[in-house]
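Beneath this line is the structure, given in structure tokens, with notes to follow.
The values are calculated or read from the model by the stated rules, or taken from the named source; none is laboratory data. Worth saying up front: this structure is predicted, and the values here are computed from it rather than measured. So basically every Cβ, Gly included, is an ideal-geometry build from the backbone, and we count neighbours across all protein chains shown.
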Amino acid sequence: MLAKIKTSPTIASLPTVHSRIYGIIFTLAFALGGWGLSLLPGLDRFGPLACALLLAVAYRHRFRYPLTIESGIRFSSGTLLRLAIVLFGLKLNISHVLIQGLPLLVRSGGTVIFAMVAVLLVGRWLKADRKLTLLLAVGTAICGAAAVAAVSPLLRSKEEDSAISVGMIAMIGTVFAVMYMLIQPWLPMGAEAYGIWSGLTLHEIAHVAMAAAPAGPDAMTDALLAKLCRVALLIPLCLGIVSLSKIRAGTRTEDVQHGAGTRRSAFPFPWFLLGFVATSLFGSYAMPYILPNPAELLNGLSTATTLLLGMAMAGLGFNVSLRDFRARAMRPLLATLIASLLLSGLTFITF
């Protein structure tokens, strides 16, 4: 925990509600700072979420922060994170996927399964940390930081593990996106095929857009559609995790009942996942008929979602120990890198 962090006497006397508000404002400042950093040349390849996360990690290990605002920081990394995932559902146009991208949806299913299995198997072979490897597998298979943020509460992951996973996904995805941009002119494939390949294999939506942009608008359209199909699979993946977790929790309960006592291991239902589904359906089918110009509202909500995710990433970053990162993250990082190379190469030869 953060018991050794020095407490500021000025803020220590604040009431609990004010302390939480100050903690939320604290993470907001880092989210805005990360957004600003992501506009700089070079750092724009990492995106605002990774920049906010790295900024918070650096601040924690250089200056620390008052322990009394920890409740606000945890509110950002917990409640605001779930709210951001709910709003993230508005980016998923289900009707667009079903009408134009059904073949891609099937292909994306194979990509997601392969990516998950590859990361987990390579991680097991390297004897990597299991929890980190699982989070990285989900992030690699679906949509990077947003996927990690969505499944972390379901897996009951530590905030530090979630933050480390987000940072590694951002780093690997950026490296791959730059590599794609460099080799694109020499690839024996058209713009549309290149866009689909990028959308099926790159980690974040930002990485997909960055890699596809030099190939033209057709490549960008197909790339984002392919990525959207992968994002759509976040819903069944989360439902599968919930089902498996409940089965495992039930098994543990039976084991305890046959032993000494009747201690239950209840699994909380992820209500934010229902919100994700609801906003996806609303944005796909209801919003175009209710609002005269839904594009403007969607752009505003997209900005708000990114800001909330940035605040959550900052909150997670304040719980990262660089010492633990060096001790635990190298093998999961290598596993993700190897699996990403396999995913990229094997998907490429199918075109």
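Quick notes
- Restricting attention to the stretch 197-219, the residues that are in a helix (DSSP H, G or I) and among the acidic types (Asp, Glu) add up to 1.
- The stretch 327-351 residues that are charged (D, E, K, R), paired with ones that are assigned to a helix (DSSP H, G or I) (beta carbon under 7 Å, 6 or more apart): ARG328/LEU132
- Residue that is modelled with the lowest pLDDT, among those in the stretch 256-273 that are closer than 23 Å to ALA150 by Cα and surrounded by 12 or more Cβ atoms within 10 Å (Cβ to Cβ): SER265
- With a requirement of 1 or more residues that are more than 30 Å from ALA286 (Cα to Cα) and in contact with a helix residue (DSSP H, G or I) (Cβ under 8 Å, 6 or more places away or on another chain), the helices (runs of 4 or more DSSP H) lying completely within the stretch 59-157 that satisfy it span 70-75, 102-125, 130-141, 145-155.
- Which listed residue, of GLY89, GLY78, GLY42, is among the small types (Gly, Ala, Ser) and crowded, with 18+ Cβ neighbours inside 10 Å: GLY89
- Yes/no for VAL112 being of a type in the set (A, V, I, L, M, F, W, C), touching a residue at least 24 places away in the same chain (Cβ under 8 Å) and closer than 30 Å to GLU192 by Cα: yes
- Hits in the stretch 66-111 (condition: out of contact with any Lys or Arg (no Cβ under 6 Å at 6 or more places or on another chain) and closer than 17 Å to THR140 by Cα): LEU105, ARG107, GLY109, GLY110, THR111
- In the set (1) at pLDDT 90 or above; (2) under 15 Å from the mean Cα position of the chain (by Cα), LEU155 fails one condition alone, (1).
- Filtering VAL178, VAL166 for residues that are in a helix (DSSP H, G or I) and surrounded by 24 or more Cβ atoms within 10 Å (Cβ to Cβ) leaves a single hit, VAL166.
- Filter pass, SER243 being at pLDDT 80 or above and within 30 Å of TRP197 (Cβ to Cβ): no
- Of all residues making up the stretch 181-196, the number that are outside any helix (DSSP H, G or I) and under 23 Å from GLY109 (Cβ atoms): 1
- Selection within the stretch 45-59 - surrounded by fewer than 20 Cβ atoms within 10 Å (Cβ to Cβ) and modelled with pLDDT of 80 or more: ALA58, TYR59
- Subset of the stretch 92-123 that is more than 15 Å from ALA226 (Cβ to Cβ), of a type in the set (Val, Ile, Thr) and surrounded by 15 or more Cβ atoms within 10 Å (Cβ to Cβ) - its residue that is modelled with the lowest pLDDT: ILE94
- Checked across the stretch 195-211, the condition of being without any contact (Cβ under 8 Å) to a residue 24 or more places away in the chain, buried (at least 17 other Cβ atoms within 10 Å of the Cβ) and out of contact with any Lys or Arg (no Cβ under 8 Å at 6 or more places or on another chain) holds for at least one residue.
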